[in-house]
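The values are calculated or read from the model by the stated rules, or taken from the named source; none is laboratory data. Bear in mind the structure is a predicted one, so any value in this text is a computation, not a measurement. Every residue, glycine as well, gets a Cβ built from its backbone with ideal geometry; the counts of neighbours run over all protein chains shown. The area values use the complete protein model at the heavy-atom level, side chains included, leaving out ligands, DNA and RNA. Shrake-Rupley method; radii C 1.70, N 1.55, O 1.52, S 1.80 Å.
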Amino acid sequence: MSKSVTSGLKFSSQLGLMNKDSLLFPAYQWLLSRMAILVAMLLIAPLLPMPPGGIQAHFGWDVFSAWDSTFYEKIANSGYEILENQQPGANVAFFPLFPVAIYLLSKLGISTAIAGTILNHFAFLATLMLVYDWVKSSNGIAAARWTTAVLAWCPLSLFCSVVYSEGLFLLFSTAALRDFDRQSFWRSALWGSFATASRVTGLAIIPALLLTAFFRKYPLSAYLASLSTATGVIFYGIYCWFTFGDPLAFITVQYSQWDRSRGLDGAEWSRMMVEILAGGSNWNAGGLKDITHPLIFGIICLLGWLLWKFKEKIGPKFVDYGYFFLFVVLWILVGDPLLNTVSVLGSIYLLWKLRKDLSLVVVNYGFCGLGMLIASGGTSSLNRYVYGIISASIALGFLLSRHPRWGFNVMGFFGLLLVLMSIRFAQHLWVA
């Protein structure tokens, strides 16, 4: 472990914020998972040939900047884009806290790419420590360790190591929920205001805290603190009002510049379901033109049913490995539509199933955040947005703590996808 990380751990420990175990285990998980990303992006990707539709990766800071990174860097360098007639540009959809933090850090004489990467990395480290300490106190050390591992090794954690706002948003949203759960209401309001200034899904914190205050019969201060978390988005709305004449420009630009649908996008959800069941080629053809995909899907379902039917005869260990193998085959067959669908529907199922085992604020935030994603229109990058809702990782971590054999399979799958996604991002290929 580097000297700077070790010094930071000692400093935090001296302040009495967390015990040694709550610092060291998350730090090691962060270090190992980030090393896997760095090796994939800086050493493996440059050795590979230029892929179709991508670029030739090179060793350097540029591998950490692609896709949405350019919007954050442009905001940090020159502010929000203003079109003709004072209309908002596409980058108004990106909330201000992360680019402002990049701008301030770049004043040390480093580029925005370096500033954004460093900021995201260490915000994620702090997030892992907060999550570990919180889950350990509410659900025990096993759940804390599995949750930390899920959060660190999930392939979408790639976006906590590139110039994206995931790390910063996870840090502040987790801090807000943790402090509210511990009834430190006004400290929760402070972190929550930073979260609502980080990205639009931070708005889900407001109803989540209000519902928690209601069901736990908290005092009036809890309700006031819950509403105060909206401070971040309110200030951004005021800026949009004075600049563009529209306090909700960050939402309206989603439809005018990003071509998102309003409300539940039934067509996109239908497409994903059909692609899982019958394949993308049949969806594009408008009918059953290729029997291969549905045939393989049917075989997978049949094998899954046989595993369930004869589970007592073949044993739980074989059944677990069998289901995992079938899921991997299904992922190879379907790809992103499967991961998008499973991330949303699977998280909803887990939160409902574990609703009595998890903290109430975790469950409320999970349902509010997922409901917001479903109702927001569009299915692109859904799995990345779900990862940004900390409740999903906590629920999965708690489940794996009860079924460690599943956990080791999941961690292996996560590690493989993390490396593959890191390589693709370095090559400027679409990831999530």
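Quick notes on this one:
- Sequence ranges 190-198, 206-214, ranked by mean other-Cβ count within 10 angstrom, highest first: 190-198, 206-214
- Cα gyration tensor category, rounded, prolate or oblate, for the stretch 273-366 with a/c compared to 1.5: oblate
- Kirkwood Rh and Cα Rg combined as Rg/Rh, the stretch 323-365: 1.13
- Shown in residue order for the stretch 44-55 are the 3J(HN,Hα) couplings computed by the Karplus curve 6.51 cos²θ - 1.76 cosθ + 1.60 at θ = phi - 60°: 7, 4, x, 7, 8, x, 5, x, x, x, x, 10 Hz (x for Gly and Pro).
- The fraction of accessible area contributed by carbon and sulfur in the stretch 75-173 is 62 percent, rounded to a whole number (1.4 Å probe; ligands and nucleic acids excluded).
- Option label - Rg and Dmax of the Cα atoms in Å computed here, alternatives (1) 20.8, 65; (2) 24.0, 71; (3) 21.9, 71: (3)
- Heavy atoms of W153 accessible to a 1.4 Å probe, total area in Å² rounded to 10: 50 Å²
- Accessible area per residue in Å² at 1.4 Å probe, computed on the chain: 46 Å²
- Helical content alone sets the calculated 222 nm signal of the chain at -21500 deg cm²/dmol, taking -39,500 (n - 2.57) per DSSP H segment of four or more residues and averaging over every residue.
- Using alpha carbons only: equivalent-ellipsoid semi-axes of the stretch 347-432, gyration tensor based, whole Å: 25, 20, 8
- Axial C-alpha extent at least 24 Å, average Kyte-Doolittle at least 1.6 - helices from the chain (DSSP): 316-334
- The modelled label-to-label distance for the pair E84/V328, using points 7 Å beyond Cα in the direction of Cβ, is 5.6 nm.
- Where the Cα pairs of the stretch 71-155 fall when distances are cut into 5 Å bins, in %: 3, 14, 17, 14, 12, 12, 12, 8, 5, 2, 1, 0
- When the surface is traced with a 1.4 Å probe over the full set of protein chains, M50 keeps roughly 120 Å² accessible.
- The stretch 148-217 and the stretch 19-83 have their alpha-carbon centroids 22 Å apart.
- Most mobile listed residue (S422, S228, S161) in the chain, GNM with C-alpha springs under 10 Å: S228
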